[in-house]
Amino acid sequence: MDQSTSTGRLTPVEGHGGSHATAVAAAHGVRTMFTLSGAHVFPMYDAAAKEDHGIALLDVRHEQTAAFAAEATGKLTRSPGLAVLTAGPGVTNAVSAMAQASFSGAPMVVLGGRAPTGRWGTGSLQEFDHVPVVAPVTVSAETARDTADIAAATHRAFTAARTAHRGPAFLDVHMDHFFDRCASARPGPGYTDDGTPLGPSLGAAGDSAGAPEGAGPGCSASADRLPDTDAVDRIADLLVRAERPVLVLGSDVWADGAEDAALRCVETLGLPVIPNGMGRGIVPAGHRLLVGKARGMAFGGADVVIVVGTPLDFRLGYGVFGGKEGATPATVVHIADSPAQLSHHASPAVATAGDLELVLDALVESVERKARTGAGRPDWSGWAMSLREKADAAHAADLELFSAAADPIHPARIYGELLPRLAEDAVVIGDGGDFVSYAGKFIEPARPGNWLDPGPFGCLGAGLGAAIAARIARPSSQVVLLLGDGAAGFSLIDVDTLVRHRLPVVMVMGNNGAWGLEKGPMQMLYGYDVIADLAPRTRYDEVVRALGGAGEMVTDPAQIGPALDRAFASGVTYLVNVVTDVEAMYPRSTFGV
C-alpha cells in the first residue's frame with residue numbers, strides 16, 4: 001500500500017463476514033494473518049486466499065505462537081499484528097500473549113471465532129463467552145452484533161489497538177455471522193456512506209497509519225496528546241538546576257515514533273541514558289552518553305531521574321532512586337504516552353503524558369530558552385564522563401567472562417562469541433530467564449526497534465512466535481532467538497512453522513538443565529531447591545533436526561564461535577545448543593516483587 005492509498009479506502013465490500021473483516025484488516029496495514037486452522041474462522045481464510053487483500057496466511061502449531069507473532073509484529077512495526085483463532089481453546093490459548101501485549105503496550109488484534117447464534121446456549125462445540133475472560137487484559141473486547149456489523153467492529157478493534165496507550169484488542173464473531181453474506185455493509189463507524197471500509201487516516205505528523213508492516217507508528221498527534229507546556233517547563237526547571245541527571249528511555253518511546261526526538265534530546269542536552277525494553281538501540285551501542293552498564297552508579301548517584309515511556313515498576317526500583325547512605329533521594333519525573341500509564345505510587349515531582357516526540361522536543365526547546373534568558377546552559381559533562389568511565393570498566397570486566405575457558409561453559413562466553421557476529425540490523429529476541437538476563441546485560445543494539453523481550457509480564461514461550469514475526473517484518477536482517485532450555489519447552493514445536501514457511505532463524509540456547517531463575521533464589525532463601533532441575537544435556541538440537549531444521553550441541557567453549565558461523569551461513573533454521581554451567585547463575589539483587 002503506497003502513501004496515496006494509506007487512508008485505507010477500498011471498494012465496497014460485498015460478501016461473507018470473513019470478507020468484511022479481512023478488508024478492514026488490510027486497510028489497517030495487515031499483511032500476515034497468523035492462525036491455526038479452525039472451522040469457526042474458515043471465512044477469514046477464504047477471503048485471504050481468494051480475494052485481493054494482500055494478506056498472507058501463516059499457520060502455526062499452537063495458538064499461543066500465532067498470538068505471540070501478532071504481538072511481536074505490533075512491537076516491530078508499530079502497527080497492529082493480527083491473530084485469527086478458532087473458538088474456545090483457540091482464544092483461551094492466546095490469553096497469555098494478550099496479557100503480555102497489554103503490559104508491553106504492543107498493538108495487536110485477536111479475532112476469534114464464536115459458536116453460532118442459532119445454537120448458543122445449547123452446548124455447541126467450543127461454545128464459550130470469551131469477552132469476560134479477555135476483557136481484563138485488552139484495550140477493547142466485544143462481539144460483533146451481526147454480519148453487517150463485522151467490518152465496523154473490526155475497525156473499532158484496530159483503532160483501539162493502535163491508539164496510545166497501545167495494546168491488544170479482541171473481537172469475536174459468531175460462526176453463522178462469519179459465513180452469512182451481506183450485500184452492502186451497514187454505514188456507520190468504520191464505513192463511508194457508500195459502504196466503503198475505512199482504515200486509519202494520515203496522522204498529523206504525516207505517518208501512514210495504514211501503511212504496510214514496518215512502515216511506522218500509527219498514532220497521530222491529536223489535540224489530547226499535545227504536550228502540557230506548564231509541565232514541560234517545570235521539568236526544564238528541574239533539569240537546569242540538576243547536577244547529576246539521568247534519562248531513562250523505555251519501550252513506548254519506540255512505539256510512539258519518538259526515537260529520533262529522544263536522540264536529539266540526549267545529544268543536544270548531554271543527558272546520560274539508561275535504556276529499558278525497546279528503548280534499547282535508540283542511543284546506539286558505544287555512544288558516549290549510553291551508560292546502561294553503569295546503572296547502579298547512575299541510579300544511586302542521580303539527583304534528577306527522568307523516566308520516559310515505561311512504568312515505574314520493579315525493573316526501575318519502583319521509581320525510587322538515590323537516597324543511599326543518608327543522601328537525598330533523587331527527584332523523579334515520569335513522562336508517558338497517555339495519562340493511564342503514569343505511575344503515582346512513587347509520587348513523581350512531575351508526571352505528564354502526551355505525544356512523546358512532541359514532549360521531548362518541547363523539553364529541549366524549554367531548556368534552551370531558559371539558557372538564553374539567564375538560567376545558563378547546564379553542563380553535565382563531568383557527571384556523564386564519570387558514568388561512562390564506570391560503564392567502560394564494567395565492559396572491561398565483561399571481556400574477561402567473554403573469553404572464559406571454563407568447563408562447563410559460562411553463559412557469558414556465548415555472548416562473547418555472539419556479539420562480534422551480530423550485524424548492525426540484527427533483531428535479537430530473548431525467551432528465557434537466567435540466560436536471557438545475561439543478554440540484557442551484554443547486548444547493546446545498534447539500532448532502535450531491534451530488541452524483543454517478554455517485558456514486565458515475563459511470559460516464557462513467546463520466542464518462536466516473535467522469531468516468525470521478525471523474519472517476516474525484517475526479511476533482510478539477521479534474526480537471532482536466544483532461548484533458555486526451560487523456555488524452549490513451551491514452543492519449540494513451532495520450529496516446524498519456521499521450516500514449512502521457509503523462515504530461517506538462528507537460535508542460540510543456554511542449556512543448563514535447570515530453571516535457573518528459580519533454582520538460585522530458592523537455594524539462597526531455603527538452602528536447597530526442589531523442582532528446579534531439568535534433564536541435563538537434552539538434545540534440543542536433535543528435536544530441531546527432526547522438525548526439518550539443523551543444529552548441533554556444543555560442550556567445548558572453543559567451538560561456540562565456529563558453531564555460530566555455521567548457523568549464520570546455513571540459510572536454514574538452526575539451533576546452537578550450548579551446554580552451560582548450572583552454577584553460573586545471573587547475579588541479581590531483586591526477585592521483582
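The values are calculated or read from the model by the stated rules, or taken from the named source; none is laboratory data. Here the structure is a predicted model, which is why all the values come from computation and not from measurement. Neighbour counts run over all protein chains shown; Cβ positions are idealised from the backbone, glycine included.
When you go through Leu342, Leu360 one by one, which is the residue that is free of Cβ contacts under 8 Å to residues at least 24 places away in the same chain and within 30 Å of Ala106 (Cβ to Cβ)?
None of the others qualify; the one that does is Leu342.
Please go through the stretch 113-151 and pick out each residue that is touching a Lys or Arg at 6+ places or on another chain (Cβ under 8 Å), outside any loop (DSSP other than H, G, I, E, B) and over 29 Å from Gly354 (Cβ atoms).
The answer is Thr143, Thr147, Ala148, Asp149.
Of these, Pro284, Pro245, Pro275, which one is surrounded by fewer than 20 Cβ atoms within 10 Å (Cβ to Cβ) and touching a strand residue (DSSP E or B) at 6+ places or on another chain (Cβ under 8 Å)?
Pro284
Looking at the stretch 72-103, which of its residues are hydroxyl-bearing (Ser, Thr, Tyr) and either surrounded by 24 or more Cβ atoms within 10 Å (Cβ to Cβ) or not in a loop (DSSP other than H, G, I, E, B) (or both)?
Result: Thr73, Thr77, Ser79, Thr92, Ser96, Ser102.
So, Gly296, is that one free of Cβ contacts under 8 Å to residues at least 12 places away in the same chain, of a type outside the set (Lys, Arg) and under 19 Å from Glu389 (Cα atoms) or not?
yes
Taking the stretch 444-462 only, how many residues are touching a helix residue (DSSP H, G or I) at 6+ places or on another chain (Cβ under 8 Å) and either without any contact (Cβ under 8 Å) to a residue 60 or more places away in the chain or of a type outside the set (Gly, Ala, Ser) (or both)?
Residues meeting the conditions: 10.
Quick one: which helices (runs of 4 or more DSSP H) sit completely within the stretch 390-501 and have at least 2 residues that are more than 24 Å from Thr555 (Cβ to Cβ)?
463-473, 485-491, 495-500
Examine the stretch 497-517 for a residue that is over 27 Å from the mean Cα position of the chain (by Cα) and either surrounded by fewer than 19 Cβ atoms within 10 Å (Cβ to Cβ) or closer than 24 Å to Tyr415 by Cα (or both), and state whether such a residue exists.
Yes: the stretch 497-517 contains one or more residues that are over 27 Å from the mean Cα position of the chain (by Cα) and either surrounded by fewer than 19 Cβ atoms within 10 Å (Cβ to Cβ) or closer than 24 Å to Tyr415 by Cα (or both).
Sort out which residues of the stretch 292-328 are among the acidic types (Asp, Glu), more than 14 Å from Leu271 (Cβ to Cβ) and either surrounded by 22 or more Cβ atoms within 10 Å (Cβ to Cβ) or over 27 Å from the mean Cα position of the chain (by Cα) (or both), and write them in order of number.
Residue satisfying the conditions is Glu325 alone.
Kindly list, by first and then second residue, each pair from a residue in the stretch 129-151 that is more than 17 Å from Pro89 (Cα to Cα) to a residue that is at pLDDT below 95 and of a type in the set (Ser, Thr, Tyr), limited to pairs with Cβ atoms under 7 Å and residues at least 6 apart or on different chains.
Ala151/Tyr191
Among the numbered conditions (1) in contact (Cβ under 8 Å) with a residue 24 or more places away in the chain; (2) under 27 Å from the mean Cα position of the chain (by Cα), tell me where Ala160 comes up short.
The one condition Ala160 does not meet is (1).
Enumerate the pairs (first residue in the stretch 472-500 and more than 14 Å from Tyr540 (Cα to Cα); second residue anywhere and among the hydroxyl-bearing types (Ser, Thr, Tyr) and part of a loop (DSSP other than H, G, I, E, B)) with beta-carbon separation below 8 Å, excluding pairs fewer than 6 apart on the same chain, so at least 6 apart or on different chains.
Leu498/Thr573; Val499/Thr573
Mind listing whichever residues of the stretch 40-59 are over 14 Å from Ala21 (Cβ atoms) and out of contact with any strand residue (DSSP E or B) (no Cβ under 8 Å at 6 or more places or on another chain)?
Those that are over 14 Å from Ala21 (Cβ atoms) and out of contact with any strand residue (DSSP E or B) (no Cβ under 8 Å at 6 or more places or on another chain): Lys50, Asp52, Gly54.
So which of Asp355, Asp337 is touching a residue at least 24 places away in the same chain (Cβ under 8 Å), surrounded by 17 or more Cβ atoms within 10 Å (Cβ to Cβ) and in contact with a strand residue (DSSP E or B) (Cβ under 8 Å, 6 or more places away or on another chain)?
None of the others qualify; the one that does is Asp337.
Out of the residues in the stretch 223-238 that are part of a helix (DSSP H, G or I) and of a type in the set (A, V, I, L, M), state the one that is modelled with the lowest pLDDT.
This residue is Ala223.
Quick one: is Val30 among the aliphatic types (A, V, I, L, M), part of a loop (DSSP other than H, G, I, E, B), within 20 Å of Thr159 (Cβ to Cβ) and at pLDDT 95 or above?
For Val30, the condition - among the aliphatic types (A, V, I, L, M), part of a loop (DSSP other than H, G, I, E, B), within 20 Å of Thr159 (Cβ to Cβ) and at pLDDT 95 or above - is met.
On the given criteria, is Ala404 touching a residue at least 60 places away in the same chain (Cβ under 8 Å), out of contact with any helix residue (DSSP H, G or I) (no Cβ under 9 Å at 6 or more places or on another chain) and either outside the structural domain of Leu492 (by TED's automatic domain parsing) or not aromatic (Phe, Trp, Tyr) (or both)?
no
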